[in-house]
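S.K.: Before anything else, here's the structure in question.
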Amino acid sequence: MLDNPIYKIIGGEADRMGVKAYAVGGVVRDYFLQRPCTDIDVVCVGSGIELAKASAKAAGSAKVSVYQNFGTAAFGYKHDGIDWQIEFVGARKESYRRESRKPIVEDGTLEDDQQRRDFTINAMAFSLNEETFGELLDPFGGIRDLNEGLLRTPLDPDVTFSDDPLRMMRAIRFASQLGFRIEEKTFEAIGRNKERIEIVSKERIATELNKIIMSPRPSVGLKLLELSGLLKLIFPELSKLKGIETVSGRGHKDNFYHTMEVMDHVAEKSDNLWLRWAALLHDIGKPYTKRYDERIGWTFHGHEAKGSHMVKRIFKSLHLPLNGKERYVEKLVMLHMRPIILSEDIVTDSAVRRLLFEAGDDIDDLMTLCEADITSKNEVKVKRFMDNFATVRRKLVELEEKDRIRNFQPPVGGEEIMRIFGIPPCHEIGIIKERIKDAILDGKIPNDREEALKMMYEIAAEIGLKPVSN
Ligand code: ATP
């Protein structure tokens with residue numbers, strides 16, 4: 001790690017200024033974990049801003065961004081074809097007030113600075129001054145915890161979490177990202193301090209939630225959120241999936257744990273954050289549509305439509321961006337039962353064309369979600385579903401080649417119909433367009449303009465419309 005010449009440059013400048021400088025936090029942790037990391041945090045016992053300016057000059061980096069209010073400064077440095085981002089801060093001591101995550105900050109020692117960090121594995125530092133270059137400063141046993149895969153706070157966890165409750169989300173996020181265990185005492189403190197999460201902004205919570213969702217096995221973090229009691233506070237709709245109701249000795253499956261399995265299946269196949277969100281929300285409508293029927297047992301009829309309608313509200317309440325991704329998630333949630341219904345009967349061309357028409361370019365993601373949704377432990381059943389899905393996938397390819405339904409545009413448009421028959425916008429136009437579309441999707445006529453025009457004249461005659469003569 002310390003091969004990057006920037007470390008010696010910073011160390012040299014620190015020596016000239018008579019201050020101490022250290023690489024600290026994530027970069028040290030990631031070095032030992034052999035994870036890629038291009039963000040370097042430097043702590044200076046003295047002015048971080050002055051050290052940043054001097055180091056940037058010595059490194060030939062033109063632009064230093066100074067954030068006077070925060071006492072930090074940063075610059076970019078290119079080495080080995082990689083853009084490194086180096087951020088400087090003066091060592092600080094922090095004290096917190098009850099109602100805010102924003103601490104009162106004073107200058108401090110390196111040890112003060114390490115103490116205010118969230119976990120022992122994030123509180124290690126490498127010295128950069130020439131005399132002690134490369135020396136590791138690890139006052140809280142970060143290396144031992146890294147080796148044991150353990151997340152632990154440097155101070156009493158009640159203090160660390162109460163000071164800045166975002167750290168509770170970070171603990172669970174690191175557990176999920178790194179596959180680490182949260183020390184028992186630390187985890188218990190999350191349970192005690194969970195209500196403090198209310199002083200954290202929704203955006204910060206969403207950032208950590210997204211990191212959990214993007215981790216190799218998202219279920220690890222999501223289950224910890226549930227177990228700690230945080231989930232109910234930050235995402236009540238998801239927490240509501242948990243539990244099994246029993247009537248006349250018959251229970252349904254626990255939809256929270258089912259969703260967890262689906263999340264991990266999707267995570268194995270795709271790095272698309274929004275596909276993972278669709279997996280997380282695919283059954284979100286189930287608690288609201290649950291019914292017990294003496295003959296057939298538990299049903300969740302219409303849960304896909306209910307769930308799809310909930311997506312936008314959930315995005316808003318979590319402060320997730322509303323830039324079109326919510327529509328993609330709505331669509332996948334709405335359609336997630338379709339391929340399985342298809343494969344329960346005979347897979348007709350017409351049904352596959354309709355599915356292709358509605359899913360459009362998202363058809364592959366939809367199939368990934370549906371395959372992930374099979375969590376049955378009955379191997380015979382699983383094999384039957386997967387074989388049927390393979391048939392659906394094969395037909396999707398065949399029909400797309402033949403009929404180009406995926407980005408289907410109706411071969412006759414509304415404007416054209418109005419012009420040909422000299423009519424204003426009216427109900428009849430919708431009827432004609434819908435019947436032509438159905439005929440194409442049902443394979444009654446090919447997806448072709450000539451045939452569509454022919455059919456348009458036939459339907460018009462049936463409903464008493466006459467073309468205007470020109
Ligand atoms: P990642 O790079 O995966 O987002 P990271 O923790 O390495 O995670 P930052 O969030 O930039 O990246 O944090 C850098 C360092 O700052 C951490 O390693 C930790 O020492 C410290 N830190 C960050 N957030 C907090 C916090 N809320 N409380 C205490 N220390 C923190």
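The values are calculated or read from the model by the stated rules, or taken from the named source; none is laboratory data. This structure is a prediction, so every number in the text was calculated from the model and none was measured. Using ideal geometry, Cβ is built from the backbone for each residue, glycine included, and neighbour counts are taken over all protein chains shown. The area values use the complete protein model at the heavy-atom level, side chains included, leaving out ligands, DNA and RNA. Shrake-Rupley method; radii C 1.70, N 1.55, O 1.52, S 1.80 Å.
S.K.: Dipole of segment 253-373, Cα-centred, from +1 at each Lys and Arg C-beta and -1 at each Asp and Glu C-beta, to the nearest 20 debye?
M.R.: 680
S.K.: Express in % the proportion of alpha carbon pairs of segment 1-142 at distances exceeding 21 Å.
M.R.: Details: 3899 of 10011 pairs.
Percent of Cα pairs beyond 21 Å in segment 1-142: 39.
S.K.: Might you report the magnitude of the Cβ-based charge dipole of the chain about its Cα centre, with Lys and Arg at +1 and Asp and Glu at -1, to the nearest 20 debye?
M.R.: 1040
S.K.: To the nearest 0.05, what FRET efficiency results for Lys185 and Leu233 with a Förster distance of 25 Å applied to their C-beta separation?
M.R.: Approximately 0.70, to the nearest 0.05.
S.K.: Another question, then. For segment 220-269, report the accessible area per residue in Å² (1.4 Å probe, heavy atoms, rounded to an integer).
M.R.: That works out to 46 Å² for each residue.
S.K.: Let me ask something additional. Count charges around Lys433 for me, please; just the other residues with Cβ under 13 Å from its Cβ, Lys/Arg as +1, Asp/Glu as -1. Don't skip to the answer; put the middle values down first.
M.R.: Numbers: positive: Arg435, Lys437; negative: Glu415, Glu416, Glu428, Glu434, Asp438.
Counting the neighbours of Lys433, the net charge comes to -3.
S.K.: In the chain, if the dipole is taken from +1 on Lys/Arg beta carbons and -1 on Asp/Glu beta carbons about the Cα centre, which of Gly243, Pro36, Thr186 is farthest to the positive end?
M.R.: Gly243
S.K.: Over 31 Å between Cα atoms, which of Lys185/Lys211; Lys20/Lys102; Lys20/Lys194 qualify?
M.R.: Working: Lys185/Lys211 24 Å; Lys20/Lys102 26 Å; Lys20/Lys194 37 Å.
Distance filter (> 31 Å) returns Lys20/Lys194.
S.K.: Something else about it: If I stretch the segment between Lys312 and Glu245 completely, what's the gain in nm (0.36 nm per residue apart, minus their alpha carbon distance), one decimal?
M.R.: Contour length minus Cα-Cα distance gives 21.3 nm.
S.K.: Over the Cα atoms of segment 162-265, how large are the radius of gyration and the largest Cα-Cα distance (Dmax), in Å?
M.R.: 14.3, 49
S.K.: Of Phe119, Val24, Gln68, which is farthest along the charge dipole of segment 1-142 in the positive direction, counting Lys and Arg as +1 and Asp and Glu as -1 at C-beta?
M.R.: Gln68
S.K.: Another one. Just the number, please: carbon plus sulfur as a percent of the accessible area of segment 281-352, 1.4 Å probe, no ligands or DNA/RNA counted.
M.R.: Whole-percent figure for carbon plus sulfur exposure: 54.
S.K.: What part of the accessible area of segment 2-127, given as a whole %, is carbon or sulfur when the probe is 1.4 angstrom?
M.R.: Roughly 47 percent, rounded to a whole number.
S.K.: Can you compute the modelled spin-label distance between Ala305 and His427, with each label point 7 Å from Cα toward Cβ, in nm?
M.R.: 2.2
S.K.: Could I ask something else about it? Restrict the search to segment 139-185; then list the trypsin sites (Lys or Arg not before Pro) that DSSP places in a loop and that have at most 16 other Cβ atoms within 10 Å of their Cβ.
M.R.: Hits after loop and neighbour filter: nothing returned.
S.K.: Right, here's the next one. Let me know the Kirkwood hydrodynamic radius for segment 211-295, please, with Cα pairs as the basis and the value in Å to one decimal.
M.R.: After inverting the pairwise mean of 1/r, the radius is 13.6 Å.
S.K.: Now for a separate question. Give the accessible surface of segment 414-462 per residue, rounded to a whole number of Å², with probe radius 1.4 Å and ligands, DNA and RNA excluded. Write down the numbers at each step before the final one.
M.R.: On the way: 2800 Å² over 49 residues.
For segment 414-462, the solvent-accessible area averages 57 Å² per residue.
S.K.: Using the heavy atoms of the protein chains and a 1.4 angstrom probe, tell me the accessible area per residue for segment 53-202 in square angstrom. Walk me through the numbers before you get to the answer.
M.R.: Working: 7400 Å² over 150 residues.
With all protein chains present, segment 53-202 gives 49 Å² per residue.
S.K.: Among Thr207, Ser469, Tyr7, whose Cα lies farthest out toward the positive end of the dipole of the chain, if unit charges sit on the beta carbon of Lys, Arg (+1) and Asp, Glu (-1)?
M.R.: Selected residue: Ser469.
S.K.: Through the Karplus equation 6.51 cos²θ - 1.76 cosθ + 1.60, θ set to phi - 60°, convert the phi angles of segment 441-454 into ³J(HN,Hα) values in whole Hz; use x for Gly and Pro.
M.R.: 5, 7, x, 6, 10, x, 6, 8, 5, 4, 5, 5, 5, 4
S.K.: In deg cm²/dmol, rounded to 500, what helix-only [θ] at 222 nm does the chain give when every DSSP H run of at least 4 residues adds -39500 (n - 2.57) and the total is split over its residues? Walk me through the numbers on the way to the answer.
M.R.: Details: 24 runs with 252 residues, N = 470.
After summing the helix terms and dividing by the residues of the chain, the value is -16000 deg cm²/dmol.
S.K.: So how much accessible area does Lys433 have, in Å² to the nearest 10, using a 1.4 Å probe?
M.R.: 80
S.K.: A further question on this structure: Largest first, what is the accessible-area ranking of Ser100, Ser55 with a 1.4 Å probe?
M.R.: Ser100, Ser55
S.K.: Just reorder Glu99, Glu371, Glu106 by solvent-accessible area, largest first, 1.4 Å probe, all chains present.
M.R.: Result, largest first: Glu99, Glu106, Glu371.
S.K.: Follow-up. How large is the charge dipole for segment 427-470, taken about the Cα centre, if only the Cβ atoms of Lys, Arg (+1) and Asp, Glu (-1) carry charge, to the nearest 20 debye?
M.R.: Details: 7 positive and 9 negative charges, 22 e Å.
Here the size comes out at about 100 debye.
S.K.: Separate question: Two decimals is fine: what's Rg over Rh for the chain, C-alpha atoms, Kirkwood radius as Rh?
M.R.: Reported Rg/Rh (Cα atoms, Kirkwood Rh): 1.11.
S.K.: Can you pull out the GluC sites (Glu not before Pro) in segment 266-336 that DSSP calls coil and that have at most 10 other Cβ atoms within 10 Å? Before the final figure, lay out each step's value.
M.R.: Working: sites: Glu268, Glu294, Glu304, Glu326, Glu330; in loops: Glu294.
The qualifying sites are Glu294.
S.K.: To the nearest 0.05, how large is the calculated FRET efficiency for Lys402 and Gln85 if R₀ is 60 Å and r is the Cβ-Cβ distance? The partial results should precede the final answer.
M.R.: Details: r = 51 Å, r/R0 = 0.85.
Efficiency, from the Cβ-Cβ distance: 0.70.
S.K.: Given a Förster distance of 22 Å, report the FRET efficiency between Arg35 and Ile104 from their Cβ-Cβ distance, rounded to the nearest 0.05.
M.R.: With a Förster radius of 22 Å, E is 0.10.
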